[in-house]
Amino acid sequence: MHEAPSQASQSTARGQTARATAILVTGAGGEMGHDLIRAIARSEENVAIVGFDLRPLDRNVAQYCAETVVGDVQNLELLQSITDRYSFGRIYHLAAMLSSSAERAPGRAYDVNVGGTMNLLRLAVDERDATGRSPMVLFPSTIAVYGHPTLEHKASAGPVQEHEHLEPRTMYGCNKLAAEHLGRYYTDHHRQFDEGPTGSVDFRAIRFPGLISAETLPTGGTTDYGPEMLHAAARNQVYDCFVREDSRLPFMTMPEAIESIVRISSAPRSALTRSAYNVRSFAPSAAEIHQALRAHYPALTVGFKPNPGRQMIVDGWPGDTDDRAARADWGWSPAHTLDSALESYLIPGLKAHYGNA
Ligand code: SER
């Protein structure tokens with residue numbers, strides 16, 4: 001449990017009450033929020049965390065937070081009311097609708113994914129105006145910002161670099177790319193018209209591949225077949241995979257994703273040559289995931305029953321990404337191949353989680 005945050009902070013432009021220094025995490029109850037909050041709490045003992053989510057946080061996460069707030073990132077007033085009490089030097093804006101859900105409700109996805117991000121950027125600008133310091137805004141972006149028009153194009157493109165093939169074919173990809181641009185604007189160009197570029201925010205985005213956790217399952221994503229197949233195997237269930245066997249995407253484990261966020265947060269701004277970076281660890285086809293799992297769960301049965309909509313999304317996303325910029329600028333380095341991820345993290349984690357050790 002965290003100590004109550006110190007009240008020894010500055011008076012603000014907004015009011016004269018002292019505000020406690022804290023870190024804000026939106027989407028705190030999601031897969032990534034869970035693990036990130038635990039990691040921050042372990043590595044930065046005296047920091048106060050405010051967890052923000054649509055639903056009340058479960059105890060596993062709430063116990064690490066100085067305060068939890070239930071609400072929607074579309075609600076700017078609610079977000080602003082939190083900054084009456086806290087001064088946020090760092091914001092992890094994780095709340096989002098994932099790709100399959102976004103495709104079913106594009107208007108709402110825009111409101112949440114772009115409108116919500118805009119609200120957090122506004123909050124960061126207010127903070128800069130009140131304190132003179134630019135808050136860091138960490139943003140999980142995605143391979144969905146890329147778009148291949150055909151399977152042939154995807155196959156011939158190879159691992160994509162950050163500036164290539166930026167023609168997203170999903171609402172989620174359009175939203176995340178727009179949000180990346182907004183973050184870059186507020187970092188490099190804000191107030192350029194009157195003052196010359198001043199930069200009010202220190203925005204840093206990581207374009208994540210599919211994420212696989214031994215403890216949790218994603219909801220509403222399209223890379224979900226990876227973690228779903230794994231968890232079905234651990235539960236002795238038959239799995240109907242919603243993409244073809246030859247479908248290929250990059251993936252990484254959740255601890256690697258958290259490590260990458262921690263690492264980019266610690267890098268000096270001067271080391272960063274771009275506002276959004278690729279990371280990835282392995283890039284198997286769905287059949288290769290199945291095969292690797294069979295080494296651990298020989299009885300695993302997977303039926304490949306492609307869902308046309310979700311298959312279309314996966315076919316448009318890159319088969320792999322090029323992570324050289326992240327390696328060069330802030331020391332990113334993947335910890336795993338698929339086999340080592342299974343052996344040293346996923347299988348032991350699943351056994352502990354499902355109690356069949
Ligand atoms: N995992 C995300 C999704 O499938 C992609 O970044 O929506």
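Take the residues in the stretch 308-339 that are of a type in the set (D, E, K, R) and within 16 Å of the ligand (Cβ to nearest atom); name whichever of them is nearest to residue 224 (Cα to Cα).
310
State which residue pairs qualify: first residue under 24 Å from residue 43 (Cα atoms) and inside the stretch 56-75, second residue open to solvent by 30 Å² or more (accessible area, probe 1.4 Å) and basic (Lys, Arg) in any location, beta carbons under 7 Å apart, and separation of 6 or more residues or different chains.
Note: pairs meeting the criteria are 64/38.
Residues that are open to solvent by 10 Å² or more (accessible area, probe 1.4 Å), of a type in the set (S, T, N, Q), away from the ligand (no atom under 16 Å from the Cβ) and in a helix (DSSP H, G or I): does the stretch 154-162 have at least one?
yes
Could you grab me the full set of residues in the stretch 127-139 that are of a type outside the set (Phe, Trp, Tyr) and either surrounded by 22 or more Cβ atoms within 10 Å (Cβ to Cβ) or under 15 Å from residue 199 (Cβ atoms) (or both)?
Hits for the stretch 127-139 are 127, 128, 129, 131, 132, 133, 134, 135, 136, 137, 138.
Do the conditions hold for residue 280, that is, is it within 30 Å of residue 90 (Cα to Cα), at pLDDT 95 or above, basic (Lys, Arg) and within 16 Å of the ligand (Cβ to nearest atom)?
So residue 280 passes the test.
Out of all the residues in the stretch 301-357, which are of a type in the set (Val, Ile, Thr) and either closer than 30 Å to residue 102 by Cα or open to solvent by 20 Å² or more (accessible area, probe 1.4 Å) (or both)? If you could, list the steps in order and put the result at the bottom.
Going residue by residue through the stretch 301-357, those that are of a type in the set (Val, Ile, Thr) are 301-302, 313-314, 321, 337, 347.
Of everything in the stretch 301-357, those that are of a type in the set (Val, Ile, Thr) and either closer than 30 Å to residue 102 by Cα or open to solvent by 20 Å² or more (accessible area, probe 1.4 Å) (or both) turn out to be 301, 302, 313, 314, 321, 337.
So, residue 197, is that one within 16 Å of the ligand (Cβ to nearest atom) and free of Cβ contacts under 8 Å to residues at least 40 places away in the same chain or not?
So residue 197 fails the test.
Yes or no, residue by residue, for (1) of a type in the set (Ser, Thr, Tyr); (2) at negative phi; (3) away from the ligand (no atom under 16 Å from the Cβ):
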residue	(1), (2), (3)
177	no, yes, no
183	no, yes, yes
209	no, yes, no
218	no, yes, no
223	yes, yes, no
226	no, yes, no
245	no, yes, yes
270	yes, yes, yes
276	no, yes, no
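Just to verify a result, which residue in the stretch 82-110, among those that are part of a helix (DSSP H, G or I), of a type in the set (A, V, I, L, M, F, W, C) and within 11 Å of the ligand (Cβ to nearest atom), is farthest from residue 307 (Cα to Cα)?
109
What do you reckon, is residue 149 outside any helix (DSSP H, G or I) and either open to solvent by 60 Å² or more (accessible area, probe 1.4 Å) or more than 16 Å from the ligand (Cβ to nearest atom) (or both)?
In short, yes.
In the stretch 195-229, which residues are over 24 Å from residue 322 (Cβ atoms) and either among the hydrophobic types (A, V, I, L, M, F, W, C) or in a strand (DSSP E or B) (or both)?
Within the stretch 195-229, 201, 202, 214, 217, 229 qualify.
Given the options 39, 102, name the one that is closer than 22 Å to residue 222 by Cα, modelled with pLDDT of 95 or more and out of contact with any Cys (no Cβ under 6 Å at 6 or more places or on another chain).
Selected residue: 102, the only one of 39, 102 that is closer than 22 Å to residue 222 by Cα, modelled with pLDDT of 95 or more and out of contact with any Cys (no Cβ under 6 Å at 6 or more places or on another chain).
The values are calculated or read from the model by the stated rules, or taken from the named source; none is laboratory data. Note that the coordinates shown come from a computational prediction; the quantities given were computed from them, not determined experimentally. All Cβ positions, glycine included, derive from the backbone under ideal geometry; neighbour counts span all protein chains shown. Surface areas here come from the heavy atoms of the whole protein model, side chains and all, with no ligands, DNA or RNA. Shrake-Rupley method; radii C 1.70, N 1.55, O 1.52, S 1.80 Å.
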